[in-house]
Amino acid sequence: MDMNEIKEIFFQECEEQLAELESGLLRLNDGDRDPETVNAVFRAVHSIKGGAGAFGLDDLVSFAHVFETTLDCVRSNKLEPNQEVLKVMLKSADVLADLTNVARDGGSVDQARSKQLIRELEALANGTPLPTASAAPAPAVAPKAKPAAPAPVAEAAAPAANDQGFTPVAFSFDDFGGDEPEVSELPAYDIIFKPKSDLYTKGNEATLLLRDLSRLGEMSIHCDMSDLPSLDQLDPEAAYFWWKISLKTDKGEDAIRSVFEFAEWDCDLEVSKVGGEGVVAESDLPMQPVPFDLSALDAESDAPLGVTEEEENLVAQRDEAIAAAETANNVVQMAGNAARAAASDKGAAAAAAQNNAQQASSAAAPTIRVDLDRVDRLINLVGELVINQAMLSQSVIENDANGTSSINMGLEELQQLTREIQDSVMAIRAQPVKPVFQRMARTVREIADITGKSVRLVTEGENTEVDKTVIDKLAEPLTHMIRNAVDHGLETPEKRLAAGKSAEGTVKLTAKHRSGRIVIELSDDGAGINREKVRQKAIDNDLITADANLSDEEIDNLIFHAGFSTADKVSDLSGRGVGMDVVKRSIQALGGRINISSKPGHGSTFTMSLPLTLAVLDGMVVTVAGQTLVVPLTAIVETLQPEAAAIHSFGATQRLISIRNSFCPLVDVGRILNFRSTQANPVEGVALLVESEGGGQRALMVDAIQGQRQVVIKSLEANYTHVPGIAAATILGDGRVALILDVDSVVSASRGQSLQLEASLAAAG
Amino acid sequence: MTYLAQNLTHGGRELIAFRIGDQEFCVNVMSVREIRGWTPVTPMPHAPSYVLGVLNLRGAVLPIIDMSARLGLKPAEPTVRHVIIVAQVKNRIVGLLVEAVSDILTINDEHIQPTPDMSSEFERTFARGILAIEGRMICLIELEAVFPHSESEAA
């Protein structure tokens, strides 16, 4: 594995960390004050910094460092993560993402922006002095101040890190020295360091850690070899030794922990301050390898200090501190700490158990990274397998009319197995839509900034899974739509207030599964579509005639026309008039549908319905004018055999079919697709009642139904071009290509919109 | 860069010659993937008249172009004796229906004569040169121009 490969892995991890970072920040933004969330955010930035350092990506390191420093203030409760702070942090996350991309792909970043953010971050880190941050009453304040300050020392991988805003270190120590003359002698710590085998497999070296530790002060080491098995049972790669270290240092417990920073997960580490009986038990808890959970230390180290102050009042005082904390401003953070402090009373065993549980729950399910090409190849192969299985079944049926039962049973089992394999393979490529939604959060922020609107993005159902091929193609249309929603949909804060709404607009993005498709909804609580304006614009652009009688729904759908934009002036964001028709076309290219509903004054909702996968489809195989076509099963509501009495002529060419006393237009598929020049006699065919995205039902006339089958979708665009009325192609059991009908486009063609027109549009685009 | 330009730098090249009616044409052998017999195709709605339909080639769906109609000659009536030249044009694969493949020519670039200036549609669109081989005239075809809705056409 060469350096580039390692670097590639780093960037992949960066992506994950960035996603983690952003989702964490968004959770904080929503009022989540779980210390674990803060830690996760911190960890993400820290990991990026660490990796970037290893590759000498200085820009990334320096930005990540400042970011980390500020995050640390949040973590140690010095900085309240309010909306203002989080706004800066979310922007910083964006810049961090940009810097990462630049480090990977080259290019340049907006230096001014990152410099500005660095200044803002530094201001946040320095600007909030300690006393104001911890508004808790006296008993909590004094002990809190001390451990909070050195925390960054522990975190900073590079010693140079200390110079950013952490001068209070010295100050608080002096403070304590003065208050408590009995600890003026160097504090002594007992450290128990038990490496696990993983520590060594990850390339850490106990000797080096111990050497670093010795630099902190006077140290004596005792190595415990009692766990060493006899030679025949010895695993040469396992860890058997552990060390008991007594260290006298004035650097504080955090400095000790920082030595083990990168080994923390792979060893059992106990650091305890010598003195006071309860202390050892007290200190047990934070020593557990809770990743980076140094905020826990803050509260717990209250106790040891309290002990040295007034030993007999230990318990009472801590209770007081907890009670005080609960009434303090930052109730939530403190409560977390208090809970830990309380838990520590239960003794080392209980605490360890709790921590183990915590660790177990935080450990993600094991995953492997697989090259996407391999998965794609597998999916293609399974697709071929499905086709082959269909061919086999067909030839057996043809050649063996009386059907030997064992062969048929075998074939049926094969069919089931094939289907199961296919489902499982498809599941490999299924991904939650979360990353795309997260990207949208950034888009919203940026556009809100540019437009001067205040926007909140609410997402729901981010964990809805859909095939990766769909996800990849989702981002672009969604970005367009989000831009439109913020730029055109939402009003300015003044207008909103005037309309009696809150100044902050809400854009809601939801995803859910519905009948074998994924439905993505984007709604805003803006002004809704201005139908008068849209109508006028359409008349101006010759899309409709001035006397056209359009329903509200039809007017709303006009915005999907090419060259249509109602924004009075063309803005940088949207309003070039290439927005919604491009969106519609890319959604359709995915086999999806898009629809809009709008309530004046209350906002608009775009509903997209997309197939879960672009690889397979359940379809009804039908015959039209001698050709075999596949109609997606999801589109079909019912099938019926029309009777002559149910067919009614309507105008010159239209025909309606009455179904249970409601009339539904008949659409001759063969005519629409130019397979025949005359209309077929409906009585001789079969009608497929379909529901189209534009609302309303249509009865599609086909000649006959051959059966129902799962088909593998083959792209027509790969070697040919998009064909109006046709969604894709597939290969049937006889090896022939069959076309998959694009029901929506056929239905809209039947509405008068000519497919030829669409064809010329497609060719022009 | 067209394949012509690519190959001009190399000197010698191989061309595959095929027959439509009484005329002979050739394309660069490097763009030909395989040659197969005619099998019925699935017609495409709203396709240009020279696109006969699509065919399954080991799992890939490829359009079949009637070269005769494409080059402005009379549309072919495919029979089992017709052959399909499966060619790669840029990153797409396309099948070209021709009457027969005659032979493979190894020629040097100096054998390629420029097309006479006749300002016909055919000459400007498809022909890239003509060859005189043993008294026959063979026209060198630019495959990219043959393909329907190629980028140049769509733009």
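The values are calculated or read from the model by the stated rules, or taken from the named source; none is laboratory data. If you're wondering where the values come from, they're calculated on a predicted model, not measured in any experiment. Glycine gets a Cβ as well: all are built from the backbone with ideal geometry, and neighbour counts include every protein chain shown.
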Margin query: I'd like the full set of residues that are at pLDDT below 90 and of a type in the set (Asp, Glu), limited to the stretch B:1-57.
Written below: B:14, B:22
Margin query: Among the residues in the stretch A:54-73, are any outside any helix (DSSP H, G or I) and crowded, with 18+ Cβ neighbours inside 10 Å?
Written below: yes
Next item on the list: Note down all Cβ pairs under 8 Å where the first residue falls in the stretch A:362-386 and is farther than 25 Å from residue A:418 by Cβ, the second is modelled with pLDDT under 85 and not β-branched (Val, Ile, Thr), and they're at least six residues apart or on different chains.
Entry: A:362/A:36; A:362/A:291; A:369/A:12
Note to self: part of a strand (DSSP E or B) and away from every other protein chain (no Cβ under 14 Å): which single residue out of B:54, B:101, B:61 fits that description?
What the structure shows: B:101
Next item on the list: Would you mind finding the one in A:21, A:26 that is touching a helix residue (DSSP H, G or I) at 6+ places or on another chain (Cβ under 8 Å), assigned by TED's automatic domain parsing to the domain that holds residue A:126, closer than 20 Å to residue A:116 by Cβ and among the aliphatic types (A, V, I, L, M)?
Entry: A:21
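Select the helices (runs of 4 or more DSSP H) contained entirely in the stretch A:338-455, then report the ones holding at least 1 residues which are surrounded by 12 or more Cβ atoms within 10 Å (Cβ to Cβ), at pLDDT below 80 and not assigned by TED's automatic domain parsing to the domain that holds residue A:22.
A:348-362, A:372-399
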Next item on the list: Identify all residues within the stretch B:104-133 that are in contact with an Asp or Glu (Cβ under 9 Å, 6 or more places away or on another chain), in a loop (DSSP other than H, G, I, E, B) and in contact (Cβ under 8 Å) with a residue 40 or more places away in the chain; write none if there are none.
Entry: B:126
Next item on the list: Could you figure out which of (1) surrounded by fewer than 21 Cβ atoms within 10 Å (Cβ to Cβ); (2) within 24 Å of the chain's Cα centre (by Cα); (3) under 16 Å from residue A:126 (Cβ atoms) isn't true of residue A:101?
Entry: (3)
Notebook entry, point to check: Going by the conditions given, is residue B:145 at pLDDT below 85, of a type in the set (Gly, Ala, Ser) and not in a strand (DSSP E or B)?
Noted result: yes
Margin query: So residue B:67 passes all but one of these: (1) within 14 Å of another protein chain (Cβ to nearest Cβ); (2) within 20 Å of residue A:721 (Cβ to Cβ). Which condition number does it fail?
Written below: (1)
Check: If we scan the stretch A:517-536, do we find a residue that is part of a helix (DSSP H, G or I), surrounded by 15 or more Cβ atoms within 10 Å (Cβ to Cβ), among the hydrophobic types (A, V, I, L, M, F, W, C) and under 26 Å from the mean Cα position of the chain (by Cα)?
Finding: no
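Here's the yes/no breakdown for (1) crowded, with 18+ Cβ neighbours inside 10 Å; (2) free of Cβ contacts under 8 Å to residues at least 12 places away in the same chain; (3) farther than 14 Å from residue A:700 by Cβ; (4) touching a Leu at 6+ places or on another chain (Cβ under 9 Å):
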| residue | (1), (2), (3), (4) |
| --- | --- |
| A:608 | yes, no, yes, yes |
| A:620 | yes, no, no, yes |
| A:638 | no, no, no, yes |
| A:648 | no, no, yes, yes |
| A:661 | no, yes, yes, no |
Check: Which of the residues that make up the stretch A:228-264 are within 44 Å of the chain's Cα centre (by Cα) and among the small types (Gly, Ala, Ser)?
Finding: A:238, A:239, A:252, A:255, A:258, A:263
Next item on the list: Inspect all residues belonging to the stretch A:675-695 and state whether any of them is within 14 Å of another protein chain (Cβ to nearest Cβ) and in contact (Cβ under 8 Å) with a residue 24 or more places away in the chain.
Entry: yes
Next item on the list: Run residue A:644 past the list (1) within 14 Å of another protein chain (Cβ to nearest Cβ); (2) of a type in the set (A, V, I, L, M); (3) touching a residue at least 12 places away in the same chain (Cβ under 8 Å) and report the number of the one that doesn't hold.
Entry: (1)
Next item on the list: Among residues belonging to the stretch A:746-756 that are within 11 Å of chain B (Cβ to nearest Cβ) and at pLDDT below 80, point out the one that is surrounded by the most Cβ atoms within 10 Å (Cβ to Cβ).
Entry: A:755
Item checked: Among the candidates A:656, A:666, residue that is away from chain B (no Cβ under 12 Å) and farther than 30 Å from residue A:598 by Cβ -> A:666
Item checked: Extreme residue, farthest from the other protein chains (Cβ to nearest Cβ), among residues of the stretch A:731-741 that are outside any loop (DSSP other than H, G, I, E, B), in contact (Cβ under 8 Å) with a residue 24 or more places away in the chain and more than 33 Å from the chain's Cα centre (by Cα) -> A:741
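Can residue A:39 be described as within 19 Å of the chain's Cα centre (by Cα), part of a helix (DSSP H, G or I) and not acidic (Asp, Glu)?
Yes, satisfied.
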Check: Would you pick out the residues in the stretch A:698-730 that are more than 30 Å from residue A:399 (Cα to Cα), part of a strand (DSSP E or B) and facing chain B (nearest Cβ under 7 Å)?
Finding: A:726
Check: Identify, please: which residue in the stretch B:85-98 is within 14 Å of chain A (Cβ to nearest Cβ) and in contact with a helix residue (DSSP H, G or I) (Cβ under 6 Å, 6 or more places away or on another chain) and is, among those, modelled with the lowest pLDDT?
Finding: B:89
Next item on the list: Check residue A:624 against each of (1) of a type in the set (A, V, I, L, M); (2) closer than 15 Å to residue A:744 by Cβ; (3) crowded, with 17+ Cβ neighbours inside 10 Å and name the one condition it does not meet.
Entry: (2)
